[in-house]
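To keep things clear, I will list the structure first and then write my remarks on it.
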Amino acid sequence: MTSPAEAYLEFKTQQIRAEWESGDIHPALRVIVMFAALLRYRLTGRKTTLTSLLRTGDPQSPHCARPCRGADLRSNDLAHLTASEWAAQIKYAVPYLGDYSTVLLHDVGQGDHLHLQVSPTEADPRKTDTPGGVK
């Protein structure tokens, strides 16, 4: 294990690991992903697999924003009820800033997965132009 995150989190590919380790991920998304991974471990005794982060194309997608505000976690290896409970716990604990949800359990053609997202209005403490940002 090279980082504490690996106790709860694994990566679908080395590319996704490299993306996770880059500076291109919103800090709030990192916190939410790790919180979700901890919850899954508590529910199932198993690690979470991070299956998608950075994308290009749709400018409205949180995966395409920089820093990245969207992540997908594998859930198709869980019973639907367990995955739904996992999503509900995340949604309850981490309210979204705006009209959407921090977590969606859905299938867009490749099986059920949890989509996590951070609002575009979520402050990035690494930037000086956001509330609470570096001075």
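The values are calculated or read from the model by the stated rules, or taken from the named source; none is laboratory data. All of these numbers come straight from a predicted model, not from anything done at the bench. Don't worry about glycine lacking a Cβ; one is built from the backbone with ideal geometry, like all the others, and counts go over all protein chains shown.
What number of residues within segment 38-88 are under 18 Å from E10 (Cα atoms) and not aromatic (F, W, Y)? Break it down into steps so the answer makes sense when it comes.
Within segment 38-88, the first condition is being under 18 Å from E10 (Cα atoms), and the residues that meet it are 38-54, 70-78, 83, 86.
Now restrict to residues that are not aromatic (F, W, Y): 38-40, 42-54, 70-78, 83.
Qualifying residue count, segment 38-88: 26.
Would it be correct to say that Q117 is at pLDDT below 85 and closer than 21 Å to A37 by Cα? Let's see the steps before the verdict.
Numbers: at pLDDT below 85: no; closer than 21 Å to A37 by Cα: yes.
The answer is no for Q117.
Within segment 50-135, which strands (runs of 3 or more DSSP E) (wholly inside it) include 3 or more residues that are aromatic (F, W, Y)? If you could, list the steps in order and put the result at the bottom.
On the way: elements: 70-74, 103-107, 112-117.
Answer list for segment 50-135: none.
Among the listed residues D112, D72, D77, which satisfies the condition of being charged (D, E, K, R) and at pLDDT below 90? Don't jump to the end; show me each part of the working.
On the way: D72 fails: at pLDDT below 90; D77 fails: at pLDDT below 90.
When all the criteria are applied, what remains is D112.
Collect the residues in segment 66-77 that are free of Cβ contacts under 8 Å to residues at least 40 places away in the same chain and within 15 Å of the chain's Cα centre (by Cα), keeping them in residue-number order. I'd like the intermediate steps shown before the answer.
Applying the first criterion (free of Cβ contacts under 8 Å to residues at least 40 places away in the same chain) to segment 66-77 yields 75-77.
Result: S75, single match.
Could you list, in sequence order, all residues of segment 78-106 that are without any contact (Cβ under 8 Å) to a residue 12 or more places away in the chain and within 24 Å of R46 (Cα to Cα)?
The answer is A79, L81, A88, Y92, H106.
Looking at (1) among the hydrophobic types (A, V, I, L, M, F, W, C); (2) surrounded by 15 or more Cβ atoms within 10 Å (Cβ to Cβ); (3) part of a helix (DSSP H, G or I), which one does V31 not meet, given that it meets all the others?
(2)
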